[in-house]
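*Asks:* Pasting in a structure now, in C-alpha cells, and then I'll have a few things to ask.
The values are calculated or read from the model by the stated rules, or taken from the named source; none is laboratory data. Bear in mind the structure is a predicted one, so any value in this text is a computation, not a measurement. These accessible areas exclude ligands, DNA and RNA; they are computed on the full protein's heavy atoms, side chains included. Shrake-Rupley method; radii C 1.70, N 1.55, O 1.52, S 1.80 Å.
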Amino acid sequence: MAKKLSPVAQKARDFYLHEAGKLGDASSGVLKQVRDQAQEAFAEQAFPTAKDEDWQYTKLTGFVQNHFAAVQTSEEVAGKINAYMPSFPVIKLVFVDGNFSESLSDDLNELPDGISLESFADTLSMNNELDKVFAGQDKILAEPFGSLNSMLMRDGFCLQVSANKALELPLYVLHVQTKAGSISSLRNRVVVGENSEITLVERYVSAHEEGAACSNIVTEIDVAKHARVKQVIVQQQNDSSYYFNNQFISQADSSNFNTFFASTGSDTSRHQNHLYMNGEHIENTQNSACIARQSQTVDSRSYTEHNDEHGFSRQLHKFVLDDKAVGVFNGMIRVDQKAQKTDGQMDNKNLILSNTAKMDAKPQLEIYADDVLCSHGSATGQIDENQIFYLQARGINKAAAMQMITKAFLLEPVEDINNADIRKWITDQLEVALAKTHLPKA
Amino acid sequence: MLLNVQNLQAQVEETEKQILKGLNLEVKPGEVHAIMGPNGAGKSTLASVLAGREDYEVTDGSVDFDGEDLLDMDPEERARKGLFLAFQYPVEIPGVSNKLFMQTAVNAMREERGLPELDMFDFDEYAKEKIELLDMRADLLERSVNVGFSGGEKKRNDIFQMALLEPKLCIMDETDSGLDIDALRLVANGVNTLKNDQRSFIIVTHYQRLLDYIKPDHVHVLYNGRIVKSGGFELALELEENGYDEIIKQHQDA
C-alpha cells in the first residue's frame, strides 16, 4: 500500500515519475526492467518523513517543495573549471549539471593499459552486459533516493581496473552545478581488480551562488582481493542545494578501502556508506568531517557488515555545528556469526559552537559472533573552557585558542588520508569553511 | 618589586563563596617563595586568580606585576608580560601538536617583546636547545599537547613550556602532586636549571618534599584565605614535622 503523503510531497512524487516517463531511453531489455522496478519502488516509497526512523532528523520538507528537472545543455563553465582544480596532478573528469563533459575532461583514451573509464551514459547505451551492471539493484532500491536515482540516472562514470594495475594519479571527478532547479542523477560504478590500486577524489560544487539544485548519486564500488581503494568526497554545493549520496561497497579478501567524506555546503546533505566485508582479513576506514551552519542539515551515516573472519574496520565521524544547524550521525556495525576475530571501532564526536545547533547521533552494534572486539562511541559538547584557558595561559589570545582547538578537532579524521597532497588540499577546504562560522576571528 | 599582592580578596564566580580574604605577598626578582597550607586554604585559588582564570572574581585588593596592574589584564596578556602558571592538571588538547602550540605561544611572547617571529626552522632549533637543556625526549614536539602523557610527563611538558617562554615569574600550582620521586627530581631539576637572579618562583604545595630539591628563600603558610605565617626554609621543616594542626588551631575563625 502506498503511504499517505502530504499534497506537496504527492505533487513532487508525481513530478519525478513524470520526468522518468519522459526519459524514454529503454523500450525493452535490462534497462527497461531497471527503470520499471525503480518507478514501482519509488511510487511506493516516495519521500520519507520524520515518521520513518531513518529519516527522523533529516527532513525533506524543504526538498519536496522543489521540482528538480534534468538539464541537457549547460552554461559555458570552461572558464570556471580551473578555480575548482587542485594544485596537484590528477586525471580530470568533469560533469556539468550531471552531464559528462568530454571537452573539459582529460582524454580517457590515454589511460594506462588495463584501466578503462567511460561515462555512464556510454555504459547505458553501449554496454551489452547491463544485467551485470545492474546486479546490485535490490540493495539500491531499498533506499528511496536509490530508487529515485535508478529511475532518473543518465550519467556518471564507470571505471574498470584489471588485476595488478595501479592508477598512479588520483582520478579527480568534478561535478559542477550551474542552474537552480536542476537535478544531477549520477550513477557511478567502480570495479577494481585483484591487487590493483586507485585513488578517487570527488567534488561537488555550485557555480551559481544562489538557488537550489540537487545531486542524487549512487556509487557502486567493487574491491577485489588484495586491492586498495582510497576515496575522498567533498560536498561544497551552495547553501540552498541538496545532496544525496548512497555508496554500496563490496570488499573481497585482504582488500583495503579507505573513504573520507567532507561536507560544508548544501541546505540538506546526506551521505551513506553501505559497506559489505565479504572476505577474510579485510580492512577499511570510513571517516567524515562535516561543518554545518545557519539552517543546514548534514547527515553522515554508515552501515558496515563484517561477514568473515579477521575483519578490521575503523570509523571517525566529526561534526562542527553552528547557528541552528542540525547534524545527524547514524552508524551500524553488523558482525555476522561467521565473522570471528572482528575488530571494529566506530567513533562520532561533535562540537557545538552555538546554543541552538543540534546533533542527533545513533551509533549501533549488532553482533552475532562471540570472539570479536567492537566498540562504538559518541560525544557531543562545546569547546572545553579548560583547553581555552590553558592556551591563554601561554599567551595565545582567546579567539586564536578557540580556532586552534576547533580546527584540530575537525581535522583529526583527515589524518587517515595518506596522500599528503590530498590531505593538505582537504585541510585548506575545511579551513575556508570554518572561517564562515561564528568562531571569533583571531 | 616583581609582584606585589595587597589585600587580595576573591570569590568563586558561580557560588560567590569567598576564598581569598585579604592576602598580602611581595616577591622580588630572583626570589623563590613557597606557599604551603592545608587543603582548602586557597592555595590553588591564589594561583588561578594570579593567572586570570575566569572562574574567580576579585572583590577587593590589588596585584601589581612588574609595575603594571595585573588584574586589569586578560590571561594571555599576563602570560605575554612574563607570568607563567604550571598547572596542577595540565590540559590535553587532542590534534594540536606541542610544536604548533609552542611556536604560536613563543611568537606571541616575541611580539610582546618587539622581537621578530621565529619561523619553523628557527623555532625547531630553539626548541631543540631547550629539550637538551632539560634532558627531555626528542619526540616531545611532535606529540599532541599532553594527549596520552602520564601525569609526570604532563608536568615535565609544562616545565618545557616554561623554558621556551622564559617568563619572569613562574607559579607552580601543586606541581609535585602525584609525582613519583624520579619525576619529582626531573621537575625540580628543570626549575633549578631555569632559576636565575631575575626569574622568580612561587611554589604552591601541600608538602615539603619538593622544597628539598628547590630551596625557597621564603615560606608562607596560607590558611583560610590569608597568609598567617611567614619565615625561611625552617618553617617548611617545622610544618613537615608538626603538620598544620597547630596553625589551624591558632587561626580558626570564631
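*Asks:* Which values, in whole Å and largest first, are the semi-axes of the equivalent ellipsoid of the range A:7-278 obtained as the square root of 5 times each eigenvalue of the Cα gyration tensor?
*Replies:* 28, 22, 18
*Asks:* Right, another one. What base-10 log of the normalised intensity I(q)/I(0) is obtained for the protein assembly as shown from the Debye formula, alpha carbons as equal point scatterers, at q = 0.11 Å⁻¹?
*Replies:* Results for the protein assembly as shown at q = 0.11 Å⁻¹ read -1.07.
*Asks:* Could I ask something else about it? Measuring from centroid to centroid over Cα atoms, what is the spacing of the range A:1-56 and the range A:345-394 in Å?
*Replies:* The range A:1-56 and the range A:345-394 have Cα centres separated by 37 Å.
*Asks:* Evaluate the Debye formula for the range B:3-251 with equal point scatterers sitting on the alpha carbons, no solvent, and hand back log10 of I(q)/I(0) at q = 0.07, 0.13 Å⁻¹, in q order, two decimals.
*Replies:* Each listed q maps to, in turn, -0.23, -0.82.
*Asks:* If amide H atoms are built 1.01 Å from N in the plane of the peptide, which residues on other chains or at least 5 residues away come under 5 Å of the amide H of residue A:359?
*Replies:* A:327
*Asks:* Here are some pairs, A:51/A:358; A:349/A:436; B:43/B:229; B:28/B:155; A:179/A:358; which of them have Cα atoms lying more than 22 Å apart in this structure?
*Replies:* Cα-Cα > 22 Å for B:28/B:155; A:179/A:358; rest within.
*Asks:* Nearest 100 Å² is fine: what is the total accessible surface buried where chains A and B meet, probe 1.4 Å?
*Replies:* Roughly 1900 Å² of accessible surface disappears when A and B pair.
*Asks:* Need one number for the range A:330-442: average projected area of the convex hull over its C-alpha atoms, nm². Please report the intermediate quantities before stating the final value.
*Replies:* On the way: hull surface 37.9 nm².
Averaging across all directions leaves 9.5 nm² for the Cα convex hull.
*Asks:* Can you list, bin by bin at 5 Å, the percent of alpha carbon pairs in the range A:1-75, starting at 0?
*Replies:* Here the calculated profile for the range A:1-75 is 3, 14, 20, 22, 18, 12, 8, 3, 0.
*Asks:* Further, regarding this structure: What whole-number value in Å² describes the accessible area per residue of chain A for a 1.4 Å probe?
*Replies:* Counting only protein heavy atoms, the per-residue value for chain A is 40 Å².
*Asks:* Which lysines, on any chain, are close to residue A:92 with Cα under 16 Å apart, when same-chain ones fewer than 8 places away are left out?
*Replies:* Straight-line reach from residue A:92, under 16 Å: A:80.
*Asks:* Sort A:244, A:312 by accessible area with a 1.4 Å probe, largest first. Don't skip to the answer; put the middle values down first.
*Replies:* Values: A:244 5, A:312 70 Å².
Sorted descending by solvent-accessible area, the residues read A:312, A:244.
*Asks:* Can you tell me how much longer the chain between residue B:195 and residue B:117 gets when fully stretched, taken as 0.36 nm per residue apart minus their C-alpha distance, in nm with one decimal?
*Replies:* The span from residue B:195 to residue B:117 would gain 25.5 nm if fully extended.
*Asks:* If you don't mind, another one. Can you pull the percent of the range A:7-278's accessible area that's carbon plus sulfur, 1.4 Å probe, other chains left in place?
*Replies:* Exposed carbon and sulfur together represent 45 percent of the surface.
*Asks:* Sticking with this one: Here are some pairs, A:165/A:318; A:32/A:225; A:324/A:362; which of them have Cα atoms lying more than 24 Å apart in this structure?
*Replies:* Among A:165/A:318; A:32/A:225; A:324/A:362, the Cα-Cα distance tops 24 Å for A:165/A:318; A:32/A:225.
*Asks:* I need the phi-derived Karplus couplings for the range A:18-32: 6.51 cos²θ - 1.76 cosθ + 1.60, θ = phi - 60°, integer Hz, Gly and Pro marked x.
*Replies:* In residue order, the calculated couplings are 5, 4, 4, x, 6, 4, x, 9, 9, 8, 7, x, 4, 4, 4 Hz.
*Asks:* Give the Kirkwood hydrodynamic radius (Å, one decimal) of the range A:40-156, defined as one over the mean of 1/r across all pairs of different Cα atoms. Display every interim value, and only then the final one.
*Replies:* Values: mean 1/r = 0.0574 Å⁻¹.
After inverting the pairwise mean of 1/r, the radius is 17.4 Å.
*Asks:* Something else now. Taking only C-alpha pairs under 8 Å that are 6+ residues apart, what is the relative contact order of the range A:308-400 in percent?
*Replies:* On the way: 195 pairs, mean separation 28.6, N = 93.
RCO, the range A:308-400: 31 percent.
*Asks:* The range B:100-133: which residues show an accessible-area loss of 50 Å² or more, assembly versus chain alone, 1.4 Å probe?
*Replies:* For the range B:100-133, once contacts with the other chains are taken into account, B:101 lose 50 Å² or more.
*Asks:* On the accessible surface of chain B, probed at 1.4 Å, how many percent belong to carbon and sulfur atoms?
*Replies:* On the way: 5020 of 11490 Å².
Using a 1.4 Å probe with all protein chains present, chain B comes out at 44 percent carbon and sulfur.
*Asks:* Could you tell me the extents of the range B:62-156's C-alpha atoms along the three principal axes, largest first, rounded to whole Å?
*Replies:* 41, 32, 25
*Asks:* Now, a different point. Any aspartates and glutamates with Cα under 12 Å of the residue B:130 Cα? List them, leaving off those in the same chain fewer than 8 positions away.
*Replies:* B:166
*Asks:* Amide H of residue A:297 versus every other amide H placed in the peptide plane: which residues, excluding those fewer than 5 positions away on the same chain, fall under 5 Å?
*Replies:* Hits under the 5 Å cutoff: A:268, A:269, A:326.
*Asks:* A follow-up question, please. Need the per-residue list for the range A:387-401: every residue with at least 40 Å² less accessible surface in the complex of protein chains than in the chain by itself, probe 1.4 Å, sorted by number.
*Replies:* Residues of the range A:387-401 that lose at least 40 Å² of accessible area once the other chains are added: A:387, A:389, A:390, A:392, A:393, A:394, A:395, A:396.
*Asks:* For chain B, what's the relative contact order in percent, using C-alpha pairs closer than 8 Å and at least 6 residues apart?
*Replies:* Once divided by the residue count of chain B, the mean separation gives 28 percent.
*Asks:* Which three lengths, in whole Å and largest first, does the range B:196-244 cover when its Cα atoms are put on their principal axes?
*Replies:* 31, 23, 16
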